[in-house]
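Here is the structure we will look at.
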Amino acid sequence: MRVCRVDEWLRRLSQPELHVGIAPKLGVGDVLLMCAGFEDRAIEVLRRAVRSGCHGFRVLCIGYLPEIPENRGTEVASLCASAQATLESVPFDRERPAGTAERILAQVPSADRIHIDLSGMSRLLIVQLVSSIVRGGRSALCEVLYCSAFDYPPTREQVEKTLSESADLVGVTMFVSSGVFGLTIVPELSSVAMQGQPMRVIAFPSWNTTQLAAVCSEIQASYFTIVHGTPPDAQNAWRRDVIRELNRVDSLPAREEFNVSTLDYRETLNLILDVYAEHGQREKLVISPTGSKMQSLAIGIACGFLRDLQVVYPTPRSFAPPKDYTRGVGDVYRLPLGRFTLPAELTC
């Protein structure tokens, strides 16, 4: 037996799998953290909890600034009233996100059970909340909830039509968000470790090509780990090659590329741990969470334990109209975070 490094212990941990189709169980002493977004799935977790008879719980509804009329705040209020649940609003300024997770969690007593609904949250907020839960030793009383969508735009036909009308791939109109108004670095997800060493960027290419371009421009990286998402529906497998081409991944120097699930967080978490074990002793690792929400969950868990990881987030400048986002609701997933608690002694 020997003392493990934290990343070794985390790699050997029996990581919990997602439970699907289970109605959330919320009651007195439970707090639901959620966002009342405009997508159909944004409030499905709350809706199912109320329909299953849950009542007397507390909801902290995180509102993005500036607000948009399509957000489902009115529906959230109605659902909470029908379940005799306490509703409180918490503002989130995506242009000034530093310290958001700490401010939110400060409103939740340490003895309360926390349920984090990722369905309507931004990638950066997911990383902030989950890493703060882990670092604060609150994993044992926390679970993550996530509702998938029924339909994920754009369609293949939409993409092929757009590409056929433009000879410049970089100039193609993006389908969910576009542009970047800055590279966001929050103090709580920053690290001075490995200063002066070569930098490796772990990046998740997206439809918004300016996100990866901004990271490449601002971070003078020597190496790149490119993570491509594999959708659970094989019919969407075509997206990987199109996104790869749009982001001109072939032009990146000294790169390695991997394919991981957009749903099973364990694939992303274990990849990060593998990269950390192989390169973390010689290179500064910088992660840009622009992949799926469940991939962002994995980044949040990793950052909760490995504080020498640096997170940078290329915040989009603008977004597509709500009608162009996901539609319908799919399965609801539940993930208890209790296993992600450091024991008193790490042994291998």
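Where a number appears in this text, it was derived from the coordinates with a stated rule and is not lab data. Treat the numbers as computed from the prediction; the structure is a model and nothing was measured. Glycine also receives a Cβ, built like all others from the backbone with ideal geometry; neighbour counts cover every protein chain displayed.
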Rounded to the nearest 20 debye, dipole of the range 40-120 from Cβ charges on Lys, Arg, Asp, Glu | 260
Lys, Arg +1 and Asp, Glu -1 on Cβ, resulting dipole of the range 156-321 about Cα centre, debye, nearest 20 = 280
Largest-first principal axis extents of the Cα set of the range 156-321 (Å) = 46, 31, 30
Highest to lowest packing among 292-303, 128-139, scored as the average C-beta count within 10 Å | 292-303, 128-139
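Membrane-span-like helices in the chain: DSSP H runs reaching 20 Å or more (Cα, own axis), mean Kyte hydropathy at least -0.5? Could you put the intermediate results ahead of the total?
Working: long enough: 265-279 (21 Å, -0.21).
Flagged H segments are 265-279.
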Relative packing of peptides 254-263, 54-63 - highest average C-beta neighbours within 10 Å first | 54-63, 254-263
Per DSSP H run of at least 4 residues, take -39500 (n - 2.57); add these up for the chain, divide by its residues and hand me the 222 nm value, nearest 500 deg cm²/dmol.
-> -8500 deg cm²/dmol
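Where the only charges are on Cβ atoms (+1 Lys, Arg; -1 Asp, Glu), what is the dipole of the chain about its Cα centre, to the nearest 20 debye?
Taking the Cα centre of the chain as origin, the dipole is about 660 debye.
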If 348, 216 are placed from fewest to most neighbouring beta carbons inside 10 Å, the sequence is 348, 216
At R0 = 41 Å, FRET efficiency that the Cβ-Cβ distance of residue 14 and residue 256 yields, to 0.05 | 0.90
Built amide H within the under 5 Å cut-off of residue 206, gap 5+ = 212
In straight Cα distance, which aspartates and glutamates are under 12 Å from residue 293, not counting same-chain residues fewer than 8 positions off?
-> 117, 264
